[in-house]
Amino acid sequence: MKRLLFITLLLGGTSAMAQLTIENTTSGTKEYREIFPRGVYTTFCSKTGDVLAYDKEANDLYVAASGDKKRIGQHISEEEVRKNREKQYRAYHQGDSLMVVAPGTNGRPILINDTIADGLVFGKSVHRNEFGTMGGRFWNHDGSLLAFYRMDERMVTQYPLVDIPNANESIAKVNLDRYPMAGGISHKVKVGIFDTNTHKILYLETEGYDQNRYLTNISWSTDNKTICIAEINREQNHMWFNMYDATTGKKIKTLFEEESETWVEPCTPAKFIDNNTMLWLSERDGYLHIYRYDLAKNTCTQITKGNWVVTDLLGYDAKSKNIIFQANKESYLCRDIYSVNISGKKEPVRLTNGEGIHNAMYEDNSRFIVDRCSALMPALTTSVIDITTGKIVKELNKVEKPWGDTVLPEIKFVDLKTADGKHDITGRMILPVNFDPTKKYPVLVYLYGGSHTHLVDKSWNGGASAWMLYFAQEGYIVWTLDNRGSENRGVEFEHATHRQLGTCESADQMEGVKYLQSLPYVDKDRMAIHGWSFGGFMTLTMLTRYPEVFKVGIAGGPVCDWSLYEVMYGERYMDTPQENPEGYAKNKISNNIDKLNAKLLLIHGYQDATVVPQNVLELIKTAVDKDKMIDMAFYTGHAHNVTGPDRAHLIKRIKRYLDDNL
């Protein structure tokens, strides 16, 4: 089935403001929505290869790839545009059941479930969204077959989350979430196939069902009957790329295997060019690169090479035989769009220009990409680029200064080395407005430090959240550094954390702290640290491993004990608690809480089903036992982060805690 690719073009910006405030720098508030660039267009690449722009205000659809906008239709609603995706087939959920409307049903839905029971889930994401899994339904190219996940989690322990009632109720409710903790019992998954012509269902004959094998990165061959799955063992150090006949459920063959002493983690499904040619992303040479498999000849060719990573596989142009992809080839602080010949005999050609983060949309065989570039200046540019020349054929919008003429703090990038001296790392420093190098300023270190994330780059504001600019306006130096374990830097850099989460990460963060302490304008006695989720864990790790450095710490949604975290993520990086008891004990915060010297505020969403509240509750209990004082703030009605209008309250709380205690 042909895809329609949607993006939102951001136009406009704010007029001159006197200054930044918590309200106009915090997502979720009315003031922030008014200041942040507004969505005006929705664009997509159609099956003809043209780039179309949908003007919401005019309710018109335009061809945007040519020099001038050419109207091709009037009064086409966005809903009508989106309906083109669905064609004749439609799959949807009713609770945890999967329903399909297919030809010959007269609009009546077909129930796909083989059983209806609490804990049986059909057609939804599995493995807690790890391995790039963000959905549970996979149509083949002509829409005749639908692959879907069947997840049985009836054996998984149900974790109680308390839902505080509203003003009209008096009794709290318990919501049970099936949460498989590291080393515990996990769910089991199958892949089913629904035939829209016969309405019959079969299940692929995958192995390892009782061993909790992970079934990831489902992809269809162009023959519409061969389906591929990257299957990973529970230990996550061995992957089998298996091909199945979707009409019988039988395994055809294992095309290849990948193994690692640390972990394997495919996150991008295979892309078939034709029945015999397939593209795959692999870290087998130490960096994530593109490989071409010839299924007829049973050969593999590496297409891209170098000490950089491919960050997205966008598509393929059959006419030029070029693969279109995103990578950080120029700098790990930037992303660009490239084309490379599928032969693997030519160097990649850069299609985008200018430092920044280029995110593109591309439809196979189109002549154009839609490039959305976020940079330090201009903040945002959306352009249509000809992939044959790399030239911009149409600039759809440009936002120079979303904050208008407001005086903003200066942002600097600082080059450092990891604690082992092997790798370059970069810190981002936001200096106070009207910075005076003869004065001394308090410092807020904001960090994350975990996998699949980076915080420092050459995008708008250097990747910083808007509230950090407000804090700098109020007199704080705000510092952020991406340590080993952060994304898109290669296996040696990213896998250094294996079995010891928090160890090399905190050592790298201290390199940044040492740099800050060397600056004459940094008040070394007024340093604070703050982070959320893995960043909350890192905050607590830094406070207890380097208790002499920070005066204040604020940890949001922190993992305090990795044995209380979920199976897929936790066991990938730490193995099981049974296999790695020393690693779990060393990085359990309560085992080191007696070293805490700083003022500490813990913040947690009371309905957090990602990092369950037991993490902070157990830490508080240990702190009481050891006579350590910890401040605590729960946000009822919120999950793993505080969103919506309440986020302004969160930022106010953080700011007040810093002001009162630094």
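Overview of values
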{"read-out": "Members of segment 396-453 that are within 28 Å of the chain's Cα centre (by Cα), under 19 Å from L516 (Cβ atoms) and of a type in the set (S, T, Y)", "value": "T418, T426, Y446, Y448"}
{"read-out": "Every residue from segment 331-388 that is free of Cβ contacts under 8 Å to residues at least 24 places away in the same chain and of a type in the set (K, R)", "value": "K345, K346"}
{"read-out": "Residues satisfying the stated conditions in segment 439-497, i.e. aromatic (F, W, Y) and touching a strand residue (DSSP E or B) at 6+ places or on another chain (Cβ under 7 Å)", "value": "Y441, Y446, Y448, W460, F471, Y476, W479"}
{"read-out": "Where a residue in segment 392-417 is closer than 25 Å to T382 by Cα and touching a residue at least 40 places away in the same chain (Cβ under 8 Å) and its partner, wherever it lies, is among the acidic types (D, E) and open to solvent by less than 60 Å² (accessible area, probe 1.4 Å), with Cβ under 8 Å and at least six apart", "value": "V393/D386"}
{"read-out": "Any hit, segment 265-282, residues being in contact with a helix residue (DSSP H, G or I) (Cβ under 6 Å, 6 or more places away or on another chain), open to solvent by less than 20 Å² (accessible area, probe 1.4 Å) and in contact (Cβ under 8 Å) with a residue 60 or more places away in the chain", "value": "no"}
{"read-out": "F534 being in contact with a strand residue (DSSP E or B) (Cβ under 6 Å, 6 or more places away or on another chain) and crowded, with 24+ Cβ neighbours inside 10 Å", "value": "no"}
{"read-out": "Wholly within segment 196-297, strands (runs of 3 or more DSSP E) carrying at least 2 residues that are modelled with pLDDT of 95 or more and within 25 Å of the chain's Cα centre (by Cα)", "value": "214-220, 226-232, 238-245, 251-259, 271-274, 277-282, 289-294"}
{"read-out": "Per-region count, segment 406-453, residues assigned to a loop (DSSP other than H, G, I, E, B) and over 19 Å from S374 (Cα atoms)", "value": "23"}
{"read-out": "Residue that is modelled with the lowest pLDDT, among those in segment 396-417 that are of a type in the set (D, E, K, R) and either over 30 Å from R367 (Cα atoms) or surrounded by 13 or more Cβ atoms within 10 Å (Cβ to Cβ) (or both)", "value": "K401"}
{"read-out": "Flag if D631 is touching a Lys or Arg at 6+ places or on another chain (Cβ under 8 Å), modelled with pLDDT of 95 or more and open to solvent by 50 Å² or more (accessible area, probe 1.4 Å)", "value": "yes"}
{"read-out": "From the options K321, K297, K305, residue that is of a type in the set (D, E, K, R), out of contact with any Pro (no Cβ under 9 Å at 6 or more places or on another chain) and closer than 27 Å to S486 by Cβ", "value": "K305"}
{"read-out": "Total residues in segment 371-406, condition closer than 24 Å to L455 by Cβ and among the aliphatic types (A, V, I, L, M)", "value": "6"}
{"read-out": "Flag for D285 being surrounded by fewer than 17 Cβ atoms within 10 Å (Cβ to Cβ), out of contact with any helix residue (DSSP H, G or I) (no Cβ under 8 Å at 6 or more places or on another chain) and touching a residue at least 24 places away in the same chain (Cβ under 8 Å)", "value": "no"}
{"read-out": "All positions within segment 504-517 that are free of Cβ contacts under 8 Å to residues at least 60 places away in the same chain and either open to solvent by 30 Å² or more (accessible area, probe 1.4 Å) or β-branched (V, I, T) (or both)", "value": "K514, Q517"}
{"read-out": "Sole residue being over 25 Å from D561 (Cα atoms), open to solvent by less than 10 Å² (accessible area, probe 1.4 Å), in contact with a helix residue (DSSP H, G or I) (Cβ under 9 Å, 6 or more places away or on another chain) and not acidic (D, E), chosen from L501, L481, L447, L469", "value": "L469"}
{"read-out": "Breaking point among (1) closer than 30 Å to D274 by Cα; (2) surrounded by 12 or more Cβ atoms within 10 Å (Cβ to Cβ), for G183", "value": "(1)"}
{"read-out": "Residue count, segment 118-129 (criterion: in contact with a strand residue (DSSP E or B) (Cβ under 8 Å, 6 or more places away or on another chain) and more than 26 Å from Y89 (Cα to Cα))", "value": "3"}
{"read-out": "Failed condition for I323, given (1) over 15 Å from P348 (Cα atoms); (2) open to solvent by less than 30 Å² (accessible area, probe 1.4 Å); (3) aliphatic (A, V, I, L, M)", "value": "(1)"}
{"read-out": "Subset of segment 341-389 that is of a type in the set (G, A, S) and part of a loop (DSSP other than H, G, I, E, B) - its residue that is surrounded by the most Cβ atoms within 10 Å (Cβ to Cβ)", "value": "G356"}
{"read-out": "Among the candidates R150, R128, R154, residue that is touching a Phe, Trp or Tyr at 6+ places or on another chain (Cβ under 7 Å), within 18 Å of S186 (Cβ to Cβ) and either open to solvent by 50 Å² or more (accessible area, probe 1.4 Å) or not in a loop (DSSP other than H, G, I, E, B) (or both)", "value": "R150"}
{"read-out": "Tabulated pairs, segment 427-449, first over 28 Å from G502 (Cα atoms), second modelled with pLDDT under 95, C-beta under 7 angstrom, 6+ apart or interchain", "value": "V433/V407"}
{"read-out": "Residue match in segment 363-372 (condition: modelled with pLDDT of 95 or more and over 20 Å from T268 (Cβ atoms))", "value": "no"}
{"read-out": "Conditions (1) surrounded by 20 or more Cβ atoms within 10 Å (Cβ to Cβ); (2) modelled with pLDDT of 95 or more: number failed by D436", "value": "(1)"}
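Conditions (1) out of contact with any helix residue (DSSP H, G or I) (no Cβ under 7 Å at 6 or more places or on another chain); (2) buried (at least 19 other Cβ atoms within 10 Å of the Cβ), marked per residue:
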site: T206; (1), (2): yes, no
site: L215; (1), (2): yes, yes
site: T222; (1), (2): yes, no
site: K225; (1), (2): yes, no
site: Q236; (1), (2): no, yes
site: A246; (1), (2): yes, yes
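Here's the yes/no breakdown for (1) buried (at least 19 other Cβ atoms within 10 Å of the Cβ); (2) out of contact with any Cys (no Cβ under 7 Å at 6 or more places or on another chain); (3) among the β-branched types (V, I, T):
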| site | (1), (2), (3) |
| --- | --- |
| M568 | yes, yes, no |
| D575 | yes, yes, no |
| E579 | no, yes, no |
| K586 | no, yes, no |
| N592 | no, yes, no |
| L602 | yes, yes, no |
| T610 | no, yes, yes |
| L619 | yes, no, no |
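The values are calculated or read from the model by the stated rules, or taken from the named source; none is laboratory data. Please read these numbers as outputs of a predicted model, since none were measured by experiment. For neighbour counting, all protein chains shown are included, and Cβ atoms are generated from backbone atoms with ideal geometry for every residue, glycine included. Ligands, DNA and RNA are stripped out before the accessible areas are found, and what is left, the full protein with its side chains, is counted by its heavy atoms. Shrake-Rupley method; radii C 1.70, N 1.55, O 1.52, S 1.80 Å.
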